[in-house]
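Structure, as structure tokens:
The values are calculated or read from the model by the stated rules, or taken from the named source; none is laboratory data. Being a predicted model, the structure only gives us computed values, none of them experimental. Positions of Cβ are backbone-derived with ideal geometry, glycine not excepted, and every protein chain shown enters the neighbour counts. Surface areas here come from the heavy atoms of the whole protein model, side chains and all, with no ligands, DNA or RNA. Shrake-Rupley method; radii C 1.70, N 1.55, O 1.52, S 1.80 Å.
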Amino acid sequence: MNDRIDVFLDRMCSRVKYKSVHKELKKELYMHIEETAEEYESFGYNHDNAYSIAVSHMGNAFETGEEFNKHYR
């Protein structure tokens, strides 16, 4: 996995207390980031920039994690 994606997903999951969903959340969000990055690559962005933009679109990792935490209570 891309280091930036790993860091984002780890930070996001650090806010989700229901640990049994971490693996599935990471898988789902990783696929979403992949799809978004591929779309940016199709627009002509290079691989690294496409992934950076895709991760940025996910928002703040801690805030995203807090929202998922509310959902999984």
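Counting the residues of the stretch 27-73 that are open to solvent by 60 Å² or more (accessible area, probe 1.4 Å) and in a helix (DSSP H, G or I) gives 19.
Of everything in the stretch 1-14 that is open to solvent by 90 Å² or more (accessible area, probe 1.4 Å) and of a type outside the set (Asp, Glu), the residue that is modelled with the lowest pLDDT is MET1.
Each residue in the stretch 15-25 was checked for being more than 13 Å from the chain's Cα centre (by Cα) and open to solvent by less than 30 Å² (accessible area, probe 1.4 Å), and 2 of them qualify. Looking at the stretch 1-26 only, could you name the residues that are part of a helix (DSSP H, G or I) and either hydroxyl-bearing (Ser, Thr, Tyr) or more than 27 Å from LYS70 (Cβ to Cβ) (or both)? Hits for the stretch 1-26 are ASP3, SER20.
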